[in-house]
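Each value in this text was obtained by applying a stated rule to the coordinates, not by laboratory testing. All values derive from a computational prediction rather than experimental measurement. Virtual Cβ from ideal backbone geometry, glycine too; neighbours counted across all protein chains shown.
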Amino acid sequence: MRILPILVAAVALGAVVSPAAYRAGKNQNHVFGDLAVVDLFTTHLTGSGEPQELLAGAVQANFFQMIGVRPLKGRTFLSGEDRRGREHVVILSYQLWHRRFGGDPGVLGRSITLGGGRREVIGILPPDFTWNNRQTDVWVPYATDPGGTEGRYMSSVESPGHPKV
């Protein structure tokens with residue numbers, strides 16, 4: 001399956017997409033099978049052990065299902081966990097799971113401090129999973145207000161490269 005970054009060119013030219021514009025575009029989409037927001041950024045893991053800078057991905061709840069990725073352990077995001085106030089969960093990369101937590105399966109269900117906030121570990125991704133040729137350490141829900149216009153502006157909207165059927 002090919003994944004198409006459908007707004008990357010506009011972003012490269014300095015354009016941004018508001019949450020309201022994304023919702024309108026998704027609701028009027030008659031071409032792609034699905035759409036999801038992906039936003040990569042750096043954050044810090046603190047708490048037990050040395051603080052560590054990580055590459056993080058914020059995605060909508062449908063992202064992993066859309067690209068066909070299943071977790072090695074645990075689960076991915078549930079519908080609604082990408083709504084503001086309900087986004088306090090995290091999925092770890094296989095590499096971070098081994099590097100920081102020694103591959104301990106008991107990390108599932110535990111809270112970690114990420115970017116100054118507490119998040120419950122709900123899943124571990126497969127060892128070969130990368131996104132955009134980058135090894136992302138943690139994945140969090142891209143939190144939005146479902147009915148409002150407030151929220152972070154989006155840097156990338158992705159779609160599977162197949163038409164709606």
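Across region 32-130, Cα-Cα pairs more than 18 Å apart make up 45 percent of the total. The packing ranking, built from the mean of other Cβ atoms within 10 Å per residue, places the peptides 102-113, 57-68 in the order 57-68, 102-113, highest first.
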